[in-house]
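Notes to accompany the following structure.
The values are calculated or read from the model by the stated rules, or taken from the named source; none is laboratory data. Predicted, not measured: the structure shown is a model, and the values here were computed from it. Cβ placement follows ideal geometry from the backbone for every residue including glycine, while neighbour counts extend to all protein chains displayed.
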Amino acid sequence: MSENSISAQQGKKISIAIVNTHIQDTVGGSQLQCDIIAEELYKRGHRVSYIAVGGCNNSYNTIYNVIGVKRESEAIRKAIMNSAPDVLYWRFNKKFFYKSVKKPSQKGIKIVFAVSNIRDLQPYSARLSKGSGITGLKEFILKNIVSRYNHMGYSYVDSLTVNNKNHLSLSPITPKKYVPNATTQKSKSFTWKKPYVLWVANIKNRKQPELYVNLAKNFERRDIDFLMMGKIEDNSYNWLSKEDSVPENFHYLGPQPIETVNGALKNSLFLVTTSTPEGFSNNIIQAWLQGKPVIAYEFDPGGLIESNRLGKIANGDFNMFLKHSEQYIDNQKIRQEAGNRALAFANQYFSTQETIATLEELFYDVLSGS
């Protein structure tokens, strides 16, 4: 296709379907990203259909169309076909992926897979939990068989995006593109009686929330609180909500709206993340956009925290984790300098408009075959 034809194609309004759970059903980083993307693409004049897997709302308070479907391949596939998009933007990991996209691809719908986690790129992505018995081992094997089966869906993918530059080299798909996450800076007022540190994520094993609780315990004699926000998705962590099971300076506040999280970040000392390696934690960008540095136990997405001095990395060493936290708690000057750098960096590299423009350009490229 000539450059003039491509240019004309890029001025055309297109039909886009997005597959993921919806933020009004499940609050999480990828859901927030898809909501922002759907809204911004709609504002740019494109026809947007958001296929909300497991959607339970009869009506969604959105400017774009939302279609709730059952958590099964057939229901997702039918919704895609009925929406008849030019491009399908899949951001639901590899769950139900292969059977959902095979027929739409064969009918000419272009498939763009958005990598949210490094496991999306691994054929066998399940992990064996510590202390798993025979039942746990069977589940591990079954999950990996399903993972490998859905990995075959990549044969129908026309392009792939990553939100962590380090993952580009792992992609089984060409073309591929780095598309950074973006988030809103809108916030609601949040106050707390003491200075506090914040941890934000949906609570499950790979987020390692117990490390944050242990960190709080080391500061019990200090006049500082450790707050945690997020939905408990793994019932083995229900103890976090019981006062007699956690340190006195630890407070679990449950899941909170994005504006409340931003308000809490704005007035915090810093954000702590204990997640194992993944894609790019949305809470890190949220903290930076509120001018707050990040202390990470082990995961530094793209090496950005360390290389740009936007916080501290403990490299999986709890003593170092403790030392970094103590320094930021005690030294306001160092903490604020890191926060100022974080805000400037986030404003430059995580602009919502730039992110949507990059994604929109990718859709045009996929449709033009360039």
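The table that follows gives values for the structure above.
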read-out: Verdict on N144 being among the polar types (S, T, N, Q), in contact (Cβ under 8 Å) with a residue 40 or more places away in the chain and outside the structural domain of S281 (by TED's automatic domain parsing); value: no
read-out: From the options S159, S105, S147, S83, residue that is of a type in the set (S, T, Y) and within 19 Å of H22 (Cα to Cα); value: S83
read-out: Which numbered condition I111 fails, given (1) free of Cβ contacts under 8 Å to residues at least 60 places away in the same chain; (2) surrounded by fewer than 20 Cβ atoms within 10 Å (Cβ to Cβ); value: (2)
read-out: Residue that is surrounded by the fewest Cβ atoms within 10 Å (Cβ to Cβ) [pool: residues in region 279-309 that are among the aliphatic types (A, V, I, L, M) and assigned to a helix (DSSP H, G or I)]; value: L304
read-out: Strands (runs of 3 or more DSSP E) wholly inside region 172-248 that include at least 2 residues being touching a Leu at 6+ places or on another chain (Cβ under 7 Å) and in contact (Cβ under 8 Å) with a residue 60 or more places away in the chain; value: 196-200
read-out: Residue in region 245-252 that is under 24 Å from N340 (Cα atoms) and surrounded by fewer than 22 Cβ atoms within 10 Å (Cβ to Cβ) present; value: no
read-out: Any hit, region 316-328, residues being part of a loop (DSSP other than H, G, I, E, B) and farther than 28 Å from L121 by Cβ; value: no
read-out: Checklist (1) crowded, with 20+ Cβ neighbours inside 10 Å; (2) modelled with pLDDT under 85 applied to L128, failing item; value: (1)
read-out: Residue count, region 174-208 (criterion: under 13 Å from the mean Cα position of the chain (by Cα) and of a type in the set (K, R)); value: 1
read-out: Candidate set from region 254-278 (those that are part of a strand (DSSP E or B) and not polar (S, T, N, Q)); member that is farthest from L215 (Cα to Cα); value: L271
read-out: Count of region 131-148 residues which are out of contact with any strand residue (DSSP E or B) (no Cβ under 9 Å at 6 or more places or on another chain), at pLDDT 85 or above and more than 20 Å from K207 (Cβ to Cβ); value: 7
read-out: Some residue of region 332-340 being in contact with a Lys or Arg (Cβ under 7 Å, 6 or more places away or on another chain) and closer than 30 Å to W90 by Cβ; value: no
read-out: Residue list for region 58-80, filter: loosely packed, with under 15 Cβ neighbours inside 10 Å and either among the hydrophobic types (A, V, I, L, M, F, W, C) or not assigned by TED's automatic domain parsing to the domain that holds A114 (or both); value: I63
read-out: Complete set of residues in region 310-328 that are closer than 23 Å to K207 by Cα and surrounded by fewer than 18 Cβ atoms within 10 Å (Cβ to Cβ); value: N315, G316, D317, F318, N319, M320, L322, K323, E326
read-out: Among (1) in a helix (DSSP H, G or I); (2) buried (at least 22 other Cβ atoms within 10 Å of the Cβ); (3) touching a residue at least 40 places away in the same chain (Cβ under 8 Å), the one test that T355 misses; value: (2)
read-out: Those residues of region 251-286 which are without any contact (Cβ under 8 Å) to a residue 60 or more places away in the chain and touching a Ser or Thr at 6+ places or on another chain (Cβ under 8 Å), in sequence order; value: Y252, G254, I284
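Per-residue answers, yes or no, for (1) closer than 26 Å to N163 by Cβ; (2) assigned to a helix (DSSP H, G or I):
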site: A38; (1), (2): yes, yes
site: L41; (1), (2): yes, yes
site: T62; (1), (2): yes, no
site: I76; (1), (2): yes, yes
site: A79; (1), (2): yes, yes
site: L128; (1), (2): no, no
site: S132; (1), (2): no, no
site: L137; (1), (2): no, yes
site: I145; (1), (2): no, yes
